[in-house]
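Only one structure is covered here, and it is reproduced in the block below.
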Amino acid sequence: MGEHEFIATVDGVLLHSGTGVELLEFRHPLHNKHADHIDRWIQFAVVSKAKELILHLSNASRTSLSRNMPYELPAQRPQPYSFPCHMFGASEGSYLRCLQLSSVSLKLPVDFNGFPNLKKLIMVDVNITNEHVEYLLSKCSLLEFIEIACCRMLTTLRALRPLSRLEHLKVQDCIFVEQIEMKCGLTILEYSGLMVPLQFATTSTLRNVRIDLTSDTTALDYITKGFPSTLQHLEALNLRCNEHKRAISPVRPLKFIYLRHLRLELNIFGVNEHKKTDVLDYAYLLDCAPSLEKLELHMWMQCHHEIYHAGHGELRSLPLHQHTHLKSVYITGFFGHKDQVELALHILRSSIALKAMKIDSRVKIIPGGPYTSPAIYRTRHYLDGYMVATVFVQGADRNNVVEVTGAIQYSFAIIDGRARFCLISEPEF
């Protein structure tokens, strides 16, 4: 639908709508040149005492916004619509419970009265300064959920006035943000971007954390020395990191005694194709999370591919400390590298309550940027991973808990005392 047709349709619908509409949602790529029309729609929302207002003025998906933002010049974008905060007076703003803004500009007047009963605020690709975000949040004291994504003008996200009811904060792909400081006690935090200081009034209430770091740091170092190390009551952690070097495990184990679910997404890179990381280092996590019940380890590798064989020497083994709670393990991107085999065997032998270990040679995570399609992997990567996992990990399984899968179907036979695998079908990407 073209912009003129969309505008005519909306005008026609609102013309025949009575007041008292609780939800108004507009989704179409419009800009500041359409301000007269959009202003009328916002005024209708104000008069209708709408409780939920959604203004999505872009046809770009969240993924494409995140991917294109570092390369897109401001001059390449039409001037965004300026959201009319002045329309919401002291009484008008009190009706809103949910406000979602996308691809607009937001500048607050000096006498802005705020949205005193707003519970949910979402801003995606919004042109707004640090000062105006802080001012806006100071006028929305009942907020329970905040999402801020792809806001390219932000360098600091700060709320110095208490947000005592805020439970869930989501900050994604604000590529210039250098600090987050908020007076609140969250239950859920989702963050993606550079590794920056995360400061909250208290972290004792945080139970569920998802962090996707675009900086180069190892997941193990970040867990033991970074922000997660301050979260002693954490129950679920989802962490994605770019791994270029080996982690340095602390001498004294840090204990996450409440951690039940750990999901790691590791983008492992090599120097001159040879990786400096050691996947076996992640065995340390079994010691620091004694109550862990579910472990997911998803790997993507851009490094020299060499599967384990006898020429690499004996497989290393670490001292076994019985883990009494781990029940489910899921490993993907298993290509049969020696350290991958060693980690899988350590988990298998240490986890006395283990009920299921699934090892998949397929890659399930793809980092952003060029040349990161799963198609860069050859059929042999998947075949090698399947073969090594079957022989060395499943072969060591005494409790029938290991399942090895892959995108390729194989036939398997023992010929002259040696394992033989035959490719039946190509992988699907």
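Values for this structure:
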{"read-out": "J(HN,Hα) series, segment 31-45, from Karplus relation 6.51 cos²θ - 1.76 cosθ + 1.60, nearest Hz, glycine and proline x", "value": "9, 5, 5, 9, 4, 4, 6, 5, 4, 4, 5, 5, 4, 4, 5"}
{"read-out": "Calculated Cα Rg over 2.2 N^0.38 Å (choose from (i) 1.10; (ii) 1.18; (iii) 0.97), label", "value": "(ii)"}
{"read-out": "Sequence ranges 136-143, 311-318, 121-128, ranked by mean other-Cβ count within 10 angstrom, highest first", "value": "121-128, 136-143, 311-318"}
{"read-out": "Inter-site label distance for THR129 and ALA236 at 7 Å from Cα along Cβ, in nm", "value": "3.9 nm"}
{"read-out": "Karplus-derived 3J(HN,Hα), 6.51/-1.76/1.60, for each residue of segment 280-297, Hz, glycine and proline x", "value": "4, 4, 6, 4, 4, 5, 5, 6, 8, 10, x, 9, 4, 10, 9, 10, 10, 10"}
{"read-out": "Segment 1-28 residues near the modelled VAL47 label - backbone nitrogen below 19 Å, point 7 Å along Cα→Cβ", "value": "7-26"}
{"read-out": "Dipole magnitude of the chain about its Cα centre (Cβ charges: Lys, Arg +1; Asp, Glu -1), debye to nearest 20", "value": "840 debye"}
{"read-out": "Point-to-point label distance, ASN400-LYS294, nm (Cα→Cβ direction, 7 Å offset)", "value": "2.5 nm"}
{"read-out": "Distance between segment 79-117 and segment 147-215 - C-alpha centres, whole angstrom", "value": "22 Å"}
{"read-out": "Cβ crowding within 10 Å averaged over residues, with 146-153, 43-50 ranked highest first", "value": "146-153, 43-50"}
{"read-out": "Amide H contacts under 5 Å for SER58, placed H, 5+ residues apart", "value": "HIS28, LEU30"}
{"read-out": "Area accessible to solvent at THR230, 1.4 Å probe radius, in Å²", "value": "70 Å²"}
{"read-out": "GLU147/LEU15 FRET efficiency (R0 45 Å; Cβ-Cβ; nearest 0.05)", "value": "0.85"}
{"read-out": "Other-chain or far-sequence residues with amide H under 5 Å of LYS275's (modelled H)", "value": "HIS304"}
{"read-out": "Dipole magnitude of segment 1-56, debye to nearest 20 (Cβ charges: Lys/Arg +1, Asp/Glu -1, about Cα centre)", "value": "140 debye"}
{"read-out": "Net lengthening on full extension, SER229/THR379 (0.36 nm per residue, minus Cα-Cα)", "value": "50.1 nm"}
{"read-out": "Beta bridges by DSSP in the chain, antiparallel share as percent, to the nearest 5", "value": "10 percent"}
{"read-out": "Heavy atoms of LEU15: accessible area, 1.4 Å probe, square angstrom to 10", "value": "140 Å²"}
{"read-out": "Modelled FRET efficiency - R0 51 Å, GLN322 with SER61, Cβ distances, 0.05 increments", "value": "0.65"}
{"read-out": "Label zone at LYS355, where the point sits 7 Å out along the Cα-to-Cβ direction: segment 326-342 residues whose backbone N lies under 15 Å", "value": "326-330"}
{"read-out": "Mean residue ellipticity (222 nm) of the chain, computed from DSSP H runs ≥ 4 via -39,500 (n - 2.57), nearest 500", "value": "-5000 deg cm²/dmol"}
{"read-out": "Per-residue HN-Hα couplings for segment 133-142 [Karplus 6.51, -1.76, 1.60; θ = phi - 60°; Hz; x = Gly/Pro]", "value": "5, 4, 5, 4, 5, 5, 9, 10, 6, 9"}
{"read-out": "Neighbour-limited loop hits for GluC sites (Glu not before Pro), segment 154-253 (at most 13 other Cβ within 10 Å; DSSP other than H, G, I, E, B)", "value": "GLU178"}
{"read-out": "Ellipsoid equivalent to segment 65-175 - semi-axes via the Cα gyration tensor, in Å", "value": "24, 16, 12"}
{"read-out": "Net length gained if the chain between ALA8 and SER138 were fully extended (0.36 nm per residue, minus Cα distance)", "value": "43.1 nm"}
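The values are calculated or read from the model by the stated rules, or taken from the named source; none is laboratory data. Since the structure is predicted, the reported quantities are computational estimates derived from the model, not experimental observations. Virtual Cβ from ideal backbone geometry, glycine too; neighbours counted across all protein chains shown. SASA here: full protein model, heavy atoms, side chains in, ligands and nucleic acids out. Shrake-Rupley method; radii C 1.70, N 1.55, O 1.52, S 1.80 Å.
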